[in-house]
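Asks: The structure follows.
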Amino acid sequence: MLDLNGASALVTGGASGLGLACAQNLAAGGAKVLIADLNEEEGNTQATALGGMFVKADVADPEQMQIAIETAGEMGPLRAAVNAAGVGHAMRTVNRNGDPFDLAEFEKVVRINLIGTFNSTRLAASAMSKTEALTDGERGSIVNFASVAAFDGQIGQAAYSATKAGIAGMTLPIARDLSAIGVRVNTVAPGLFDTPIYDKMVAGGRDPQELKDTLGQSALFPKRLGFADELATLVSELLTNSYMNGETVRIDAGVRLPPK
């Protein structure tokens, strides 16, 4: 098992939602957490609460992410990275009025989700390669965030699904690349989880809990949205279990998303 007690851990998108749950879980296990996010207020608040550090960073910006990783290294050897930062943009390829998907928005989603994840992965792995080798020559572990939309993309999810499928698709080749330096890479593909995004989605005065209950019915069992800590414990297992490598793991209560 990879011991993260006293080591540093990078969490992108760690200021809120699933990324924050991962940061909290890692901190509870003794890791020194560096949150990299664009939300400066929440990022600083959460990092302080965890006894870690915050760096405002665009995940697709090499210089900003390098600063984040170097800052993490000041707290201890970088042994873990969780790339949870991501965005979505719901739009049909061609809408009912015949208007095509905004290409700039498609490129934005690709830049943040796919390029940003790879950028953080390559820089974190480079830092890990310079740390002292542990048992079996292991130096660190990375978990990237895909989504069940990589496999069950719904109407309007072309951009989001493309990026998440890209993250799943690059998992094995990256794991093969990094095997030479003792760094493991795995990916999680979450289903429907209870995060603040659903409160923002509600329109027309609809009760947010009603929306969550309705969405939860599409799961096989249990028929509810997932809890953030259920995802966080899986991420920590993938980080620390030294025999987990090159895998994309769905965590979705058996859900298979319908077209809409």
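The values are calculated or read from the model by the stated rules, or taken from the named source; none is laboratory data. Keep in mind that what you see is a predicted model, and the values were worked out from it rather than measured. Please note: Cβ atoms are built from the backbone with ideal geometry, for glycine as well, and neighbour counts cover all protein chains shown.
Asks: Restrict the check to segment 139-152 and report whether at least one residue is charged (D, E, K, R), within 25 Å of ASP102 (Cβ to Cβ) and crowded, with 22+ Cβ neighbours inside 10 Å.
Replies: No, that holds for no residue.
Asks: Taking segment 115-134 only, how many residues are outside any helix (DSSP H, G or I) and either among the β-branched types (Val, Ile, Thr) or outside the structural domain of MET65 (by TED's automatic domain parsing) (or both)?
Replies: Total satisfying the criteria: 1.
Asks: I've got another one for you. Please state which one of GLY30, GLY52 is buried (at least 16 other Cβ atoms within 10 Å of the Cβ), without any contact (Cβ under 8 Å) to a residue 60 or more places away in the chain and either assigned by TED's automatic domain parsing to the domain that holds LEU234 or in contact with a strand residue (DSSP E or B) (Cβ under 6 Å, 6 or more places away or on another chain) (or both).
Replies: GLY52
Asks: If a residue must be surrounded by fewer than 17 Cβ atoms within 10 Å (Cβ to Cβ) and either under 14 Å from the mean Cα position of the chain (by Cα) or in contact (Cβ under 8 Å) with a residue 40 or more places away in the chain (or both), how many such residues does segment 116-125 contain?
Replies: Going through segment 116-125, the residues surrounded by fewer than 17 Cβ atoms within 10 Å (Cβ to Cβ) turn out to be 122.
Going one step further and asking which of them are either under 14 Å from the mean Cα position of the chain (by Cα) or in contact (Cβ under 8 Å) with a residue 40 or more places away in the chain (or both), we end up with none.
Residues that pass the stated criteria total 0.
Asks: Is it fair to say ILE112 is in the same structural domain as ALA21 (by TED's automatic domain parsing), surrounded by fewer than 20 Cβ atoms within 10 Å (Cβ to Cβ) and part of a helix (DSSP H, G or I)? Reasoning before the result, please.
Replies: Working: in the same structural domain as ALA21 (by TED's automatic domain parsing): yes; surrounded by fewer than 20 Cβ atoms within 10 Å (Cβ to Cβ): no; part of a helix (DSSP H, G or I): yes.
Criteria not met by ILE112.
Asks: Out of the residues in segment 55-72 that are within 14 Å of ALA9 (Cβ to Cβ) and within 18 Å of the chain's Cα centre (by Cα), state the one that is surrounded by the most Cβ atoms within 10 Å (Cβ to Cβ).
Replies: ALA72
Asks: Can I ask one more? Can you spot a residue in segment 98-109 that is out of contact with any helix residue (DSSP H, G or I) (no Cβ under 7 Å at 6 or more places or on another chain), of a type outside the set (D, E, K, R), surrounded by 19 or more Cβ atoms within 10 Å (Cβ to Cβ) and closer than 24 Å to SER161 by Cβ?
Replies: no
Asks: Are any residues in segment 167-179 buried (at least 18 other Cβ atoms within 10 Å of the Cβ) and either basic (Lys, Arg) or over 14 Å from VAL249 (Cα atoms) (or both), and if so, which ones?
Replies: Hits for segment 167-179 are ILE174, ALA175, LEU178.
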